[in-house]
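Below is one structure, written out as structure tokens, with a few remarks after it.
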Amino acid sequence: MWRRHHAGMPVGVIDVGSNTVRLLVTHGARPVLSEREMLRLGADVEQSGWISERKLTQAAQVVAGYAEDARAAKVERLEVLITSPGRQAANGNELLDVLALAGRCPARILSAAEEGRLAFVGAVGLATPPPRRSVAVVDVGGGSAQVIVGTRREGPRWQHSIDLGSQRLTSRLLSAEPPGPDAVEAARAEVAGYLAGVTPPLPRAAYAVGGSARALKRIVGPRLDGEQLAFLLELVATTPAAELGQRYGIAAERTRTVAAGTVILAAFQQLLDTPLKVVRGGLRDGAVAELAERRIAA
């Protein structure tokens, strides 16, 4: 339904995550500008609990440049959305202030619930499952991960977030090259602890979004079931990141955290007891859809 309301001037969002900063500008249902830069703000948060002055400056420079690019694309509305770095860093409010000033546009720190809802809206908006079908969306980011269950017609009706993503798990347990089977098993135990006692309503279908899922799609295709994920866990445990990148065409900045992303996706797939289908869409798509709706309603 949101696609009909996307007519008019372009709208854009700058998504500031634990691993990357990304810009998406859309006009109607069509993306017109997409940019990204890997900053790894979450590495600072995991190491010290703070985002360093150097990283704050880098983030401000990237956001300022993206805001100028978006304005050159004639955006009518632009917003900066900060995910896990804003929630998890002791100076998250400083990050918010710095980026609002750099972007010269509204900026906000998303709660885990807001992040999950936007990821769900973006994924089902592009995947277009039957309106009443119960679906799950798994979104693995650098600093956190969410699973959301609902329908395209009614939206999310259940969701759960963990403060553990591919960047944080890599820093804790999977930084060796390759990490090795023992480290992967320790990482699986770490994720299992975060999901202990979590019982989602089982969906009829499940989608996976985010950089980790897209990387795994390059290796085994869009279907991530138990058998495929078992193969992937063994592969990432024993294969250096650089070799994975060369063999499967995965970007160098993504290969560093692909083992952790695999561990988290495997845990969510087991929790949902259904294969994950890697799809386009996610938080940024949901955010530009809602931004366009607010523009129409204003």
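The values are calculated or read from the model by the stated rules, or taken from the named source; none is laboratory data. This structure is a prediction, so every number in the text was calculated from the model and none was measured. So basically every Cβ, Gly included, is an ideal-geometry build from the backbone, and we count neighbours across all protein chains shown. Please note that ligands, DNA and RNA were not included when accessible areas were found on the heavy atoms of the full protein model with its side chains. Shrake-Rupley method; radii C 1.70, N 1.55, O 1.52, S 1.80 Å.
General observations
- Taking the listed residues Arg168, Arg188, the one that is within 22 Å of the chain's Cα centre (by Cα), within 14 Å of Val140 (Cα to Cα) and in a helix (DSSP H, G or I) is Arg168, with no other qualifying.
- Filter result for Ser161 (open to solvent by 10 Å² or more (accessible area, probe 1.4 Å), in contact (Cβ under 8 Å) with a residue 40 or more places away in the chain and part of a strand (DSSP E or B)): yes
- Odd one out for Glu94 among (1) open to solvent by 10 Å² or more (accessible area, probe 1.4 Å); (2) in contact with a strand residue (DSSP E or B) (Cβ under 6 Å, 6 or more places away or on another chain); (3) not basic (Lys, Arg): (2)
- Residue in region 114-132 that is surrounded by fewer than 16 Cβ atoms within 10 Å (Cβ to Cβ), basic (Lys, Arg) and touching a Ser or Thr at 6+ places or on another chain (Cβ under 8 Å) present: yes
- Region 147-158, residues that are open to solvent by 60 Å² or more (accessible area, probe 1.4 Å) and touching a Lys or Arg at 6+ places or on another chain (Cβ under 7 Å): Arg153
- Screening the candidates Ala205, Ala230 for the property of being among the hydrophobic types (A, V, I, L, M, F, W, C) and open to solvent by less than 30 Å² (accessible area, probe 1.4 Å) yields one hit, Ala205.
- The one condition in (1) in contact with a Leu (Cβ under 7 Å, 6 or more places away or on another chain); (2) small (Gly, Ala, Ser); (3) assigned to a helix (DSSP H, G or I); (4) buried (at least 21 other Cβ atoms within 10 Å of the Cβ) that Ala102 fails to fulfil: (1)
- Condition met for Val138 (assigned to a helix (DSSP H, G or I), on the phi < 0 side of the Ramachandran plot and buried (at least 16 other Cβ atoms within 10 Å of the Cβ)): no
- Gly281 meets the stated requirement of being of a type outside the set (Val, Ile, Thr), out of contact with any Pro (no Cβ under 8 Å at 6 or more places or on another chain), crowded, with 17+ Cβ neighbours inside 10 Å and on the phi > 0 side of the Ramachandran plot.
For every residue, the table says whether it meets (1) outside any strand (DSSP E or B); (2) at pLDDT below 95.
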site	(1), (2)
Met9	yes, yes
Pro31	no, yes
Glu35	no, no
Trp50	yes, no
Lys55	yes, no
Gln58	yes, no
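- When Arg22 is tested against the conditions (1) over 16 Å from Gly122 (Cβ atoms); (2) not in a helix (DSSP H, G or I), the lone failure is (1).
- Cβ separations smaller than 8 Å between residues 6+ apart or across chains give the following pairs from region 24-48 residues that are touching a residue at least 12 places away in the same chain (Cβ under 8 Å) and more than 15 Å from Gly65 (Cβ to Cβ) to residues that are open to solvent by 30 Å² or more (accessible area, probe 1.4 Å) and β-branched (Val, Ile, Thr): Thr26/Val32.
- Extreme residue, farthest from Val11 (Cα to Cα), among residues of region 32-61 that are among the charged types (D, E, K, R) and surrounded by 15 or more Cβ atoms within 10 Å (Cβ to Cβ): Glu46
- Verdict on Tyr248 being among the aromatic types (Phe, Trp, Tyr) and under 24 Å from His160 (Cβ atoms): no
- In region 108-136, the residues that are of a type in the set (Lys, Arg) form Cβ pairs under 7 Å with partners that are surrounded by fewer than 16 Cβ atoms within 10 Å (Cβ to Cβ), at six or more places apart or across chains, as follows: Arg132/Arg153; Arg133/Arg204.
- Tally, over region 243-264, of residues that are under 15 Å from Leu233 (Cα atoms) and touching a strand residue (DSSP E or B) at 6+ places or on another chain (Cβ under 6 Å): 2
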